[in-house]
Amino acid sequence: QSVGQKLSHDPVTITAKPTSLGIIQARMNSSRLPGKVLKLIKGKPMIYWIYQRARQSGLLDQLVVATSIEASDDPLAEQLETLQIPCFRGSLENVLGRYASVNMEYGPADCIVRLTGDNPLIDKLLIDELIEFFRKNRLDYATTDQFPYGYGAEIFTSHALSTADNETADEYDREHVTPFILRQPERFRIGRLQSPEDLSEYRWTVDYREDFEFISKIYELTDKSPYDFDRNDVLRLLRQRPELAKINSRIAY
């Protein structure tokens, strides 16, 4: 069930046997905002910033964008090739199988961090906190809780991923990657990294035009490099400029 292909280029960011593997799932055919991953922020495609910001993590050994083999995703794959960003292409609908194939191709990794192509405020701070939490508690799966919507990630072991890929035929499981694991807390050690304060009122994802406008403003107004600003910088900006959060506040989660 796990099929796919690796693009021909092999950038220096690739390591032979990573301990931790970040996988950014991305596609072009979003029904609400088509092509959003290639929309420009500060002159670069959104997927570029997601990759570069995650790449700043001190605990990620390797980072790959995983898209589909469909023709609709050819422009994304071509842009990633141009940007020298590692790309793997697999099934459009069987995202679980796509993840398992990436891990087979680039791993197997001790832990796999799941990121998405619609969350351009993800940062090294969260990724490193989540990996440390995961390892310290010897978990099979971990996610984030009470952080802003769109500022989060999941992490799981190769064993949990391969178990799900081998055992479930459910289309929902295969599209959403981790429900098989989450339904079985008696089988997998599951944990949640809690935000130091409840930040769930904020919406930091990109699903609609207003979301993209909000994110673009954050990138424009932050006084730090787009590679380096973290959630504390964003929160400081939003508390100084509360009108910014109103740009996409009417969108239901």
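The values are calculated or read from the model by the stated rules, or taken from the named source; none is laboratory data. Quick caveat, the model's predicted, so the values are computed rather than measured. Cβ: placed from backbone, ideal geometry, glycine included. Neighbour counts: every protein chain shown. Just so you know, the surface numbers come from the protein's heavy atoms only, side chains and all, with ligands and any DNA or RNA stripped out. Shrake-Rupley method; radii C 1.70, N 1.55, O 1.52, S 1.80 Å.
Here segment 41-61 is the region considered, the condition is being over 15 Å from residue 227 (Cα atoms) and out of contact with any Pro (no Cβ under 7 Å at 6 or more places or on another chain), and the residue that is most open to solvent (accessible area, probe 1.4 Å) is 59. Against the conditions (1) surrounded by fewer than 23 Cβ atoms within 10 Å (Cβ to Cβ); (2) out of contact with any Lys or Arg (no Cβ under 8 Å at 6 or more places or on another chain); (3) among the aromatic types (Phe, Trp, Tyr), residue 149 satisfies every one except (2).
Can you spot a residue in segment 184-192 that is touching a Cys at 6+ places or on another chain (Cβ under 7 Å) and not in a loop (DSSP other than H, G, I, E, B)?
So the first thing to find is which residues in segment 184-192 are touching a Cys at 6+ places or on another chain (Cβ under 7 Å), and the list is none.
Looking through segment 184-192, none of the residues is touching a Cys at 6+ places or on another chain (Cβ under 7 Å) and not in a loop (DSSP other than H, G, I, E, B).
Please specify each residue of segment 220-253 satisfying the condition of being farther than 18 Å from residue 149 by Cβ and of a type in the set (Phe, Trp, Tyr). Passing the criteria: 227, 229.
Selection of segment 199-226 for residues being open to solvent by less than 80 Å² (accessible area, probe 1.4 Å) and in a loop (DSSP other than H, G, I, E, B) yields 199, 200, 202, 204, 205, 206, 207, 208, 222, 225, 226. Yes or no: residue 64 at pLDDT 95 or above, closer than 25 Å to residue 213 by Cβ, open to solvent by less than 10 Å² (accessible area, probe 1.4 Å) and not small (Gly, Ala, Ser)? It is false that residue 64 is at pLDDT 95 or above, closer than 25 Å to residue 213 by Cβ, open to solvent by less than 10 Å² (accessible area, probe 1.4 Å) and not small (Gly, Ala, Ser).
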